[in-house]
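Participant: One structure, as structure tokens, below. Some questions next.
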Amino acid sequence: MSSSVPVEVLQDILTPTVYGELRIRESLLEGEWLGMTFERADIDRQTLNRVQELLSDSLSHLQIELRSGNTISLGGKGFGPNRHLVAVLGGKGGVGKSTIAVNLALTLSAMGQKVGMLDGHINAPDVHHLLGLPPQASHEDREWELWRSSILPPSRRRSPMRRCDLDIVSIGLEFHEKAVPSISGREMIAALFRHLVFETRWDSEIVIIDVPPGSGDEVQMLLRHLPISGAVLVTTPQDLAQMDAGRTVTLLQQVSVPVVGVVQNMAWLVCPHCDEVIDLYRHSSRLEDLGIPVLARIPFDIALSSGADRGVPLVLNDRTRIVSREFAGLGRHVLDSLTNEERSK
Ligand code: ADP
């Protein structure tokens, strides 16, 4: 059960500090969770994070969540203390972003992390399908409460679906496979992403976001409205794919999301007849020239696509394949970058 804490008690902690003029509007206590909103709806994330730290110092036994308008702070360097959102994105469609995102999530989970997946596709979600999870009929009539200015206590948040030891959140689980979700407009998209991230009871330390192609509203709202700790780019080695990814890099720079590196997917294959290694594209160094490191070179492997069709991702199926070893290397790079992120700032 949640109860309210007298706002004056909390305000007293802020008053002697430079944040004294920020007026607390509402506070809610539930177990070890304390949520607060401010009268001002325009406090930026950095300030909110500092206030969060200040309050946490005085109330160290509590997990504190602050909200000012649409900006939310859970503390820590990412999406809460020792919790991170990692975006997998690339610019061009069909280069294997969803496949890489799902197999990366499973690899990190096999490495002992608590991992979740958020499908960032509103109009063409398929992460649940790649993981063999059917849409949940019972959710079809669910009312969406996207426009709240108060904080939803943990007991009223929805639990993610679980599959293969992953927390999974996807619009694709809410609608019938053939239904076209009518979610459009920047504000609504941003509110939806905030809802999916902040009003879900994640158990995860790392949430991998499968980001749609291009640089349209879904991508921009995702990157601008969520505290993303790092981005993994996915392209083929082809110049055209890397050119599209270059546009994504510009967007990432604009929103100050660090780029972990690039995965070159469908880069090569082993000839089934003579075991010769064949490069599938003429190699472009466009992204490497921007200083972006190559994290993995994933071969074309028919087992990856057939596993996706059956909802059994390859790294679960066969951990001895070259592909699985490439994913293990990718997983280590991602964990290293998150560790560096924790140490920095
Ligand atoms: P995106 O998310 O970029 O649109 P997908 O992950 O849906 O791309 O992949 C596009 C297609 O390529 C899918 O059919 C997928 O199964 C297949 N695919 C992706 N990566 C590989 C790979 N390394 N080897 C074989 N097939 C792959």
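Computed from the coordinates by the stated procedures, all read-outs in this text should not be read as laboratory data. The structure displayed is predicted, hence computed values, not measured ones. As a convention, Cβ positions derive from the backbone with ideal geometry for all residues, glycine included, and neighbour counts pool all protein chains shown.
Participant: Counting other beta carbons within 10 Å of each residue's own, what order do Phe300, Phe327 fall into, fewest first?
Facilitator: Phe300, Phe327
Participant: If I take R0 = 22 Å and measure r between the Cβ atoms of Asn70 and Ser3 in this structure, what FRET efficiency does the formula 1/(1 + (r/R0)^6) give, to the nearest 0.05?
Facilitator: That gives a FRET efficiency of 0.30.
Participant: Restricting to the chain, what percent of DSSP beta bridges are antiparallel, rounded to 5?
Facilitator: Counting DSSP beta bridges with both partners in the chain, the antiparallel share is about 35 percent.
Participant: Per 0.36 nm of contour for each residue apart, how much would the distance between Ile278 and Arg310 grow if the chain were fully extended, relative to their Cα-Cα spacing?
Facilitator: So the chain would gain 8.8 nm between Ile278 and Arg310.
Participant: Next up: Out of Leu54, Leu222, His273, whose Cα points farthest toward the positive end of the dipole of the chain (charges: +1 Lys, Arg; -1 Asp, Glu; placed on Cβ)?
Facilitator: About the Cα centre, the residue reaching furthest to the positive side is His273.
Participant: FRET efficiency for Asp239 and Asp203, Cβ-Cβ distance as r, R0 = 35 Å, nearest 0.05?
Facilitator: Rounded to the nearest 0.05, the efficiency is 0.25.
Participant: Could you let me know the centre-to-centre spacing of the stretch 55-120 and the stretch 295-335, using Cα atoms, in angstrom?
Facilitator: 21 Å
Participant: Going by how many other beta carbons lie within 10 Å of each one, how would you line up Asp217, Asp336, fewest first?
Facilitator: The most exposed by this proxy come first: Asp336, Asp217.
Participant: Out of every Cα-Cα pair in the stretch 299-338, what percent are more than 13 Å apart?
Facilitator: Counting every Cα pair in the stretch 299-338, those more than 13 Å apart make up 53 percent.
Participant: Sticking with this one: Could you tell me the calculated FRET efficiency between Glu341 and Arg224, based on Cβ-Cβ distance and R0 = 22 angstrom, to the nearest 0.05?
Facilitator: 0.70
Participant: Compute the separation of the alpha-carbon centres of the stretch 195-210 and the stretch 6-47 and state it in Å as a whole number.
Facilitator: A separation of 24 Å, based on Cα centres.
Participant: Please compute the net charge surrounding Val211, taking Lys and Arg as +1 and Asp and Glu as -1 over other residues with Cβ under 9 Å from its Cβ.
Facilitator: Net of charged neighbours comes to -1.
Participant: Taking neighbour Cβ counts within 10 Å as the exposure measure, how do Ser58, Ser27 sort from fewest upward?
Facilitator: Lowest to highest Cβ neighbour count: Ser58, Ser27.
Participant: What does the charge count around Asp119 come to, taking other residues whose C-beta lies under 10 Å from its C-beta (Lys +1, Arg +1, Asp -1, Glu -1)?
Facilitator: Result for the neighbourhood of Asp119: -2.
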